[in-house]
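I have placed the structure first, in the form of structure tokens, so that the comments after it can refer back to it.
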Amino acid sequence: MKRILILISILLSTHLLAQNDWSFLNTSRIGAIQFIKDHPKADGAGTIIFIMDSGMDVGVAGLTHLPNGNPKIIDVQDFSSEGDVYLEPAEMGIENDEHFLATLSGYKLFGYNLLKDQPIDSAYLIGVLDERDFKNSKVNDINANGKTDDRFGIILFQKSEDDWIAYIDLDADGNISDEKPQKDYSENQHILKFRGFDKKYEALPLNMALKIYPYEERVNFHFDGSGHGTHVAGIAAGYKINNMESLNGIAPGAQIISLKIGDTRFSGAGTITGSMREAYDFVSDFAQKYNGLVIVNMSYGIGSVSAGRSDMEEYLDDLLSENRNILICLSAGNNGPGVSSVGLPASAGSAITVGALNTVDNARDVYGGNIDSDKIFIFSARGGEVGKPNVIAPGAASSTIPPFSSRENKWGTSMASPQVAGAAALLLSAAKKENPAKKIDAYFLKKALLNSAIPLKEYLPVEQGNGVVNIPAAYELLKKLGDKKENISGYEISTISPIFQTGNGPAVYWRQGTYLPTKDDKQTIYINPVFNTNLSEEEKNNFYRAFKLSTDANWLNIVQNNVYIKGSSPAKIQIYFDEKKLRKPGIYSAFITGHEKGGLFSSSSAENREFRIMSSVIIPNRIDTNTKTSFYKSKIKLKPGEISRQFILIPAQSSAMALRVKENSQNYAKLRVYAFNQDGHKIGNTLFWDSKKSGGIVHRISTEDLSPGIWEFVFYAPFTNPKESIFDFEIGFSGIDILQKKITRLSIKNGENPSGVFKATNRFSKNLKTKISGRIQGVQQKINLEEEYDSYRHSFNVGDLFKSVEFEIEMPKSTFNKLTDFTINIKNSSGKVLKTSGIKTKKIKITFVPPSSDSYLLELIPGFAFEGQTWDAHIKKSFYYFRQPSVHVQNINFYPYTEKKVYFSLNEQIDVAPNGFYLFGKIWIDSLDKNKMRTTIPIEIESSFY
């Protein structure tokens, strides 16, 4: 009988787990469901997660309340200023026997005298929320009445000494007598709903929360005009999402504070200057007053040019070294799949950086996918010069969204990071339940999450860090670590790294041609302790820790078995690579692990793992251009969701490169193809190829985009493919050396069409037959910005001759590292944004096709980590003709190592460029072989040179 009861209990438990396991929001892969089942009171209760994002819709199902009925979102703050309304002292008046309050500009709000609440000093502040300010937002009709110019009046007054009350004309009828008093959201968690729509036919697009700042004469309407922050919050801590029983986020019992850092009127809800840092300052102030540890999730960021060296990343590392009661989870970024693609500020060493996992269940149920095991999402950023990501977690979910949005299914590392923030909340909740008096250290919580993660066998550390988060294992580890006293908050790793201008970096990463550290040229790694800020100099001097070193890579040799730190003197590790075991081209990645010696646990246990140094080396394919000019590989096989990385060292004196992908013996193939340069930046567009539609594709990398170093090509078989892809590829090069790097002069003789000449030499050993063509494409102007403050605005006119305008914006690393965002807008004369974009790296092109010949405005809005910054940038403004004069040249045969003088002419006369501009265009030297490589010569001609 007892056995039967046990069996029934097991079956019931399994059934309940299955009911709670929603593949649309996967909470089982990291063990959240099982953990809550085993610790039912530790569902995140008693913890706070800060969601630093685009704001939050406080009224959607899943974010309104906790399992115990209390409010889930306990406070909101807006550091983006998007929802700010500034107030002014109101003027009183009477019109047609009705009392009104008025602004200096003449806006009148009637009925204030009929309110039950009145100020203690007869003084009112008044302001207006104007719908016209939402014209560049996704939601421009906030009360869904079919109009976009409503004005919602606001009055604010002091009812008693510590009591400020607002009244808002929520139906925009100009009369406030029918409205109810509103208090600051943190006091009563009231959800603000505008009126004026027919509930039978329309739905309110979003809900808001009101924040009151009387001494700043300001109120703020907190909302999420993007949907991103609301979605992230539901993953971390949603409860009864969509009013569905058991459809929860990772930590349904956790409370949330929304910190809005992104202005949703900007591309990607971009941050503004100071908004990100001010939000973290708020967290720091809160944490110092709060009795316990707080958790931050920030699924925000841009690309990176100096990983870990930006102002924001250095700020975060300093913040976390000073605050042992803050744990920060960051999304790694969506710039993958190339190596060295983790974004900013995701490279901050002290934070937990999270990559995105695609689970079998989610792939199948949400996207109709066909994978046989969990895969890392193709977009998930990979590490290299930094030891990131730290862990991975499911990166796709159906979650909470504002009413205006229809995209409840989203994917990205933005969706993975809140899984780990929720996991941290569960661990903290359980630890508090077990011992309420005990304070949990963020360093140990991070250590428990990282050291207990389980790696996927088919992926390298550079792709997944420590692996998939495992909450039950992390809790067991946390319990063991909890009794340990710690004087440090981590370790700072430093070793030689040519990637960085300083020459040093936090990881072992070699992508420098054929160079490798060898037995005769060893590499030294320094391990420095990061001491707690409250430690005395004596305590620092007395610090001692020894480590046992290990690695599981047979190509990586560690000279020492054991090292130690004494005081502030770093431990020194020497390593070298075994070249004989690195002969096969590809990427090799492993960890150097340090376990504490003489600790409480066995020297190789997870509890004793003190540091891990990510170590990666890329061995490229090489081409000897004296004998051949291409590299070929056949019959590459990829199952759905799999990738193949191919690295190639660009031959010296290459002028163009082409990747040709083709079908293999009529086998099925459906691929995405990516190209990444030496710095890990994607070059050109992603190519999509389906063998059912064409026999192959060619990815051209022309002269202006081709740079030296080791390039990476990634072939990806989408996880929705029905079967295995089989294909061939070839990478070819041309070496046309142009004596003059650009054409700057044309000649005109006896009324003939303009003509010119250039000299070129084929530096490779293969004869190259080419077709040469070109165009005068339009007029161009270069603008150099130096020591700019804040935003930059530039007016431009588009005449009838031009079909489009392109802006190429490039900034130095020193400027880019100051940023948290950079928004580019093009507006019409009424201020409506017609084109918007954000910058991912230090260089971007944005093309604008004007709806008509008119005047427009280019707006560059940098978002800096700190106020008072200046910035530099180079802008190339290109106006493209509808009618483009073409270049005529006969086909040319370039023999090896022979200089050739090439004459060309235009097919028509050309106009003079306007003052301050020059004519621009390109000459293309296209190989006539199967690879169709393109060498490019720019044309830049001042009016005086033709």
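The values are calculated or read from the model by the stated rules, or taken from the named source; none is laboratory data. From a predicted model like this one, the values you see are computed outputs, not experimental measurements. FYI the Cβ positions are ideal-geometry reconstructions off the backbone, even for glycines, and counts take in every protein chain you see. What goes into the accessible areas is simple: the full protein's heavy atoms, side chains included, and nothing from ligands, DNA or RNA. Shrake-Rupley method; radii C 1.70, N 1.55, O 1.52, S 1.80 Å.
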>> I need the calculated FRET efficiency for the pair residue 526 and residue 784, taking r as the beta carbon distance and R₀ as 51 Å, to the nearest 0.05.
In response: 0.80
>> I'd like the FRET efficiency for residue 552 and residue 483, computed as 1/(1 + (r/R0)^6) with the beta carbon distance as r and R0 of 25 Å, rounded to 0.05.
In response: 0.25
> Per-residue ellipticity at 222 nm for the chain, helices alone: DSSP H runs ≥ 4 residues times -39500 (n - 2.57), over residue total, nearest 500 deg cm²/dmol?
Replying inline: -4000 deg cm²/dmol
>> Please give me the summed charge of the neighbours of residue 264: other residues whose Cβ is under 13 Å from its Cβ, Lys and Arg +1, Asp and Glu -1.
In response: -4
> Exactly which trypsin sites (Lys or Arg not before Pro) in the range 794-853 are in a DSSP loop and have at most 11 other Cβ atoms within 10 Å?
Replying inline: 832
> Are there chymotrypsin sites (Phe, Trp or Tyr not before Pro) in the range 141-217 that DSSP marks as loop and that have at most 12 other Cβ atoms within 10 Å, and which are they?
Replying inline: 201
>> Please give me, ordered by residue number, the trypsin sites (Lys or Arg not before Pro) of the range 460-559 that lie in loop per DSSP and have at most 16 other Cβ atoms within 10 Å.
In response: 484, 485, 519, 522
> Reachable lysines from residue 581, Cα under 21 Å, same-chain residues fewer than 8 places away excluded?
Replying inline: 457, 519, 522
> Can you list residues whose amide H is under 5 Å from residue 324's amide H, if they're 5+ apart or on another chain and H is modeled 1.01 Å from N?
Replying inline: none
>> Please list, ordered by chain and number, the residues whose modelled amide H lies under 5 Å from the amide H of residue 932; skip anything fewer than 5 residues away on the same chain.
In response: none
> For residue 759 and residue 666, what is the calculated FRET efficiency with R₀ set at 56 Å and r taken between the beta-carbons, to the nearest 0.05?
Replying inline: 0.80
> What shape does the range 702-807 take by its C-alpha gyration tensor, where a ≥ b ≥ c are the square roots of the eigenvalues and a/c under 1.5 counts as rounded, a/b above b/c as prolate, and the rest as oblate?
Replying inline: oblate
>> Give the separation of the Cα centroids, the range 346-378 to the range 180-214, in Å.
In response: 36 Å
>> Taking θ = phi - 60°, what integer Hz values does the Karplus form 6.51 cos²θ - 1.76 cosθ + 1.60 yield along the range 776-789, in sequence order, with x for Gly and Pro?
In response: 7, 8, x, 10, 9, 9, 10, 10, 9, 9, 10, 6, 6, 10
> What whole-number value in Å² describes the accessible area per residue of the chain for a 1.4 Å probe?
Replying inline: 41 Å²
> Peptides 399-405, 740-746: what's the order by average Cβ count within 10 Å, highest mean first?
Replying inline: 399-405, 740-746
> Tell me, in nm to one decimal, what length is gained between residue 365 and residue 866 on full extension, where the rule is 0.36 nm per residue of separation less the Cα-Cα distance?
Replying inline: 176.0 nm
>> I need the phi-derived Karplus couplings for the range 676-689: 6.51 cos²θ - 1.76 cosθ + 1.60, θ = phi - 60°, integer Hz, Gly and Pro marked x.
In response: 10, 7, 3, 7, x, 8, 5, 10, x, 7, 5, 8, 10, 9
> Taking a 1.4 Å probe, which of 898, 761 shows the most accessible area, and what order do the others take after it?
Replying inline: 898, 761
>> What does the C-alpha gyration tensor say about the overall shape of the range 493-619? Classify as rounded when a/c is under 1.5, otherwise prolate if a/b is larger than b/c, or oblate.
In response: prolate
> How many angstrom lie between the C-alpha centres of the range 99-116 and the range 548-581?
Replying inline: 75 Å
>> Quick check: at a probe of 1.4 Å, how many percent of the accessible area of the chain sits on carbon and sulfur atoms?
In response: 47 percent
> Any idea how far the Cα center of the range 684-726 sits from the one of the range 220-265, in Å?
Replying inline: 37 Å
